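Colleague: Provided herewith is a single structure, encoded as structure tokens, for subsequent inquiry.
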Amino acid sequence: MEDLTLRQPDEVLDVRGEECPVPEMSASKKLKKMKVGQMLEVLTDHEPAVHVTLPSLCKSLGYPFVVIRDNGLYKVRILKVK
């Protein structure tokens, strides 16, 4: 599996300042429009989205993901594999 921390995202979704369920719903909508093999980077500062809702979305879809912490900002990179 490729290292998602090294790859540049194909799309970036900025949901900073938004609380659940907005980050998860926005990511789900964006992923549906993307092609297989593309990577989405979700920018958020809402910890429940990072620790609960976005990982749950990825697991339900079978998409690998990685969380990169950058000060108070989180970058959740999601690879659409199917």
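Colleague: Could you check, for the range 19-38, whether at least one of its residues is of a type in the set (S, T, N, Q) and without any contact (Cβ under 8 Å) to a residue 12 or more places away in the chain? So that I can check it myself, show each step before the final result.
Modeller: Narrowing the range 19-38 to residues of a type in the set (S, T, N, Q): 26, 28, 38.
Next, only the ones that are without any contact (Cβ under 8 Å) to a residue 12 or more places away in the chain stay: none.
No.
Colleague: Could you look through the range 60-82, keep only residues that are assigned to a loop (DSSP other than H, G, I, E, B) and basic (K, R), and pick out the one that is farthest from A27 (Cα to Cα)? So that I can check it myself, show each step before the final result.
Modeller: In the first step, residues of the range 60-82 are kept if they are assigned to a loop (DSSP other than H, G, I, E, B); the result is 62-64, 71-72, 80-82.
Imposing the further condition that a residue be basic (K, R) reduces the set to 80, 82.
On the way: K80: 11, K82: 15 Å.
That would be K82.
Colleague: Here is a list of conditions, (1) among the hydrophobic types (A, V, I, L, M, F, W, C); (2) surrounded by fewer than 14 Cβ atoms within 10 Å (Cβ to Cβ); (3) within 10 Å of R77 (Cα to Cα), and V66 meets all of them except one; can you say which number that is?
Modeller: V66 satisfies every listed condition except (2).
Colleague: Hey, another quick one. Could you check the range 23-59 and list, in sequence order, the residues that are at negative phi and part of a loop (DSSP other than H, G, I, E, B)?
Modeller: Our first condition is that a residue be at negative phi; within the range 23-59, this holds for 23-36, 38-59.
M34, K35, V36, Q38, D45, H46, listed by residue number.
Colleague: Let me ask something else about it. Just one of the numbered conditions (1) surrounded by 10 or more Cβ atoms within 10 Å (Cβ to Cβ); (2) modelled with pLDDT of 95 or more; (3) out of contact with any helix residue (DSSP H, G or I) (no Cβ under 6 Å at 6 or more places or on another chain) is not true of V36; which one?
Modeller: Here V36 meets the rest and fails (1).
Colleague: Next question. For P23, only one of the following conditions fails: (1) surrounded by fewer than 12 Cβ atoms within 10 Å (Cβ to Cβ); (2) in contact with a His (Cβ under 8 Å, 6 or more places away or on another chain). What is its number?
Modeller: Of the numbered conditions (1) surrounded by fewer than 12 Cβ atoms within 10 Å (Cβ to Cβ); (2) in contact with a His (Cβ under 8 Å, 6 or more places away or on another chain), the odd one out for P23 is (1).
Colleague: Which of the residues spanning the range 1-20 are aliphatic (A, V, I, L, M), assigned to a loop (DSSP other than H, G, I, E, B) and loosely packed, with under 15 Cβ neighbours inside 10 Å? Write out each step before concluding.
Modeller: First, the residues of the range 1-20 that are aliphatic (A, V, I, L, M): 1, 4, 6, 12-13, 15.
Right, trim to assigned to a loop (DSSP other than H, G, I, E, B) and you get 1, 4, 6, 15.
Listed by number, the residues that qualify are M1, L6.
Colleague: Still on this model: Being loosely packed, with under 14 Cβ neighbours inside 10 Å, of a type in the set (G, A, S) and on the phi > 0 side of the Ramachandran plot: is that true of G72 here?
Modeller: Details: loosely packed, with under 14 Cβ neighbours inside 10 Å: yes; of a type in the set (G, A, S): yes; on the phi > 0 side of the Ramachandran plot: no.
Answer is no for this residue.
The values are calculated or read from the model by the stated rules, or taken from the named source; none is laboratory data. This is a predicted model, so every value here is computed, not measured. For neighbour counting, all protein chains shown are included, and Cβ atoms are generated from backbone atoms with ideal geometry for every residue, glycine included.
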